[in-house]
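Accompanying notes for the structure given below.
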Amino acid sequence: MTRHSSVNTVDTTPVDRVWTRLLSGRSAAIWVACVVLFAISPLVAPGSLGAAPILSMLPFAAVLAIAAAGQTLVVQQRGLDLSVPGMIALAAALGTGLPQNHGWPVSAAVAAGVLVPAVAGLINGLLVTVFRVMPLVVTLGMNAVLLGTVFAVANGTPAGAPEGLNQFALDRTAGVPNTALIAIVVVGVTGVVAQRSAFGHRLTAVGVSERAAAATGIRVPSHQLLAYGFAGVCYGLAGVLLAGYTKTPPLFLGDSYLLPTVAAVVLGGTALTGGLASVVASGAAALFLTQLGQLLRAVGWPDSTQLIAQSVVLVAVVLARELVPVFVRRLRRPDPALPAVM
């Protein structure tokens, strides 16, 4: 008889191994939380998972998911982007104000709404990487500049979204809102690039340690600059879509998106200290936060109680993120009472 192993082992099926891998990651808690939330939603508020509530919720979840994708890339580089409100507001002002006040074609206005925040993101990255200014200081100052630009573009008065943009944001393809489809593409592609490509691996290396990444030949400033620039693209796209959906966006449209983007990043498992990040998990967290807000409104909770409830859930999910991997590791330990495999 040949001894193959002196350690007890437990046979697992492929499905068991998939679930074990899923539940042992930093993003496990948000996936579990999403399943639980959608499971209890019809029990707490009957009809909350009907077609109409879901279709009205998805566009806002999509906008938050796209913006959270940009925030994830910045946090991965050990930053925190406080210019999100100004980025979204400026994109909305350009997408609506340029056609109405200056006669721009809709396509050109939409392009400006996406590209101008991208340039602002590159400037953020330049100041952080080359001039070594703290990300909080840079992005806070950029937010003030962008909000001032919003007033200049809009002449102090919100503009209405052009018909083409409004119709596109409201329309559905195969029954799914166009905004949700765009969010799936943006989050999916960004997630694959960030986690599966060589460029994404270099971004992770830079986020973990700039000095170690530079020692391996990675151009640290270039990668950080691109991360901030692409974050600006995400904010701009989110702002344009939100402006089209709301028809007449207020000038401070982006104010309510700063904290949710940070919450989505944290809930998705990205550490504020940088390094490993999951854009897809941040998108799932955006869906979770939006559905949670809609559920609390459906049961008639006031805004103050909603904020408290969301804070409690945020803490609970973060704790679960730390405890679930420990629980999974214990499940994977062999039972000492089982005989050794011979």
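Placing +1 on the Cβ of every Lys and Arg and -1 on the Cβ of every Asp and Glu, with nothing else charged, gives the chain a dipole about its Cα centre of roughly 980 debye.
Across region 114-119, rounded Karplus estimates of 3J(HN,Hα) from the backbone phi angles (6.51 cos²θ - 1.76 cosθ + 1.60, θ = phi - 60°) give 8, 6, 5, x, 5, 5 Hz, Gly and Pro being marked x. When the alpha-carbon atoms of region 200-292 are used, the pair Rg, Dmax equals 15.8, 50 angstrom. Over the chain, DSSP H runs of length four or greater, each weighted -39,500 (n - 2.57), average out per residue to a 222 nm ellipticity of -24500 deg cm²/dmol.
Spin-label pair Ala174-Leu307: with each label point 7 Å from Cα along the Cα-Cβ axis, the two points sit 4.1 nm from one another. In this structure region 147-248 gives 46 Å² per residue of accessible area when probed at 1.4 Å with all protein chains present.
Our estimate of slack between Lys247 and Val35, defined as 0.36 nm per intervening residue step minus the Cα-Cα distance, is 73.1 nm. Calculation over all alpha carbon pairs of region 137-225 in 10 angstrom steps from 0 returns a P(r) of 14, 21, 27, 27, 11, 0 percent. Specify the angular offset, from 0 to 90 degrees and rounded to the nearest 10, of the alpha carbon long axis of helix 220-246 from the longest principal axis of the alpha carbons in the chain. In the chain, helix 220-246 runs at an angle near 60 degrees to the longest axis. For Cys34, the accessible surface of its heavy atoms amounts to roughly 20 Å² (probe 1.4 Å, protein chains only, rounded to the nearest 10).
Return one number: the angle in degrees, 0 to 90 and rounded to the nearest 10, between the long axis of the Cα atoms of helix 303-332 and the longest principal axis of the Cα atoms of the chain. Orientation of helix 303-332: about 30 degrees from the principal axis.
Placing unit charges on the Cβ atoms of the charged side chains and taking the dipole of the chain about its Cα centre, the candidate lying farthest along the positive direction among Ala298, Ala284, Phe252 is Ala284.
Take every Cα pair under 8 Å whose residues are at least 6 apart in sequence, average their separation, divide by the length of the chain, and the relative contact order is 37 percent. Among the protein heavy atoms of the chain, carbon and sulfur supply 69% of the accessible surface, probe 1.4 Å, non-protein parts ignored. Comparing Gly191, Gly70, Gly148 in a Gaussian network model of the chain (Cα springs below 10 Å), the most mobile by mean-square fluctuation is Gly148.
3J(HN,Hα) along region 176-184: 9, x, 4, 4, 5, 5, 5, 4, 4 Hz, from the Karplus curve 6.51 cos²θ - 1.76 cosθ + 1.60 with θ = phi - 60°, whole Hz, x for Gly and Pro. Full extension of the chain between Thr216 and Ala271 gives 17.5 nm of extra length, using 0.36 nm per residue less the Cα-Cα distance.
Which angle between 0 and 90 degrees, to the nearest 10, do you get for helix 198-208 versus the longest principal axis of the chain when only C-alpha atoms count? Relative to the chain, helix 198-208 is tipped by roughly 80 degrees. Diagonalising the gyration tensor over the Cα atoms of the chain and scaling each eigenvalue by 5 before taking the square root yields semi-axes of 39, 26, 17 Å, largest first. For the pair His201 and Asp255, the difference between a 0.36 nm per residue extended length and the Cα-Cα distance amounts to 16.2 nm. Here the Karplus curve 6.51 cos²θ - 1.76 cosθ + 1.60, taken at θ = phi - 60°, turns the phi angles of region 137-144 into couplings of 5, 4, 6, 5, x, 4, 4, 5 Hz, with x standing for Gly and Pro.
Ranking Pro105, Ala161, Ser56 by how far each Cα lies toward the positive end of the dipole of the chain (charges on Cβ) leaves Ser56 at the top.
Peptide packing: for 122-135, 45-58, the average count of neighbouring Cβ atoms within 10 Å per residue gives the ranking 122-135, 45-58, highest mean first. Spin-label pair Met134-Val318: with each label point 7 Å from Cα along the Cα-Cβ axis, the two points sit 1.9 nm from one another.
The values are calculated or read from the model by the stated rules, or taken from the named source; none is laboratory data. Here the structure is a predicted model, which means the values were calculated and not measured. Every residue, glycine among them, receives a Cβ derived from its backbone with ideal geometry; neighbour counts consider all protein chains shown. Keep in mind that these areas ignore ligands, DNA and RNA; they rest on the heavy atoms of the full protein, side chains included. Shrake-Rupley method; radii C 1.70, N 1.55, O 1.52, S 1.80 Å.
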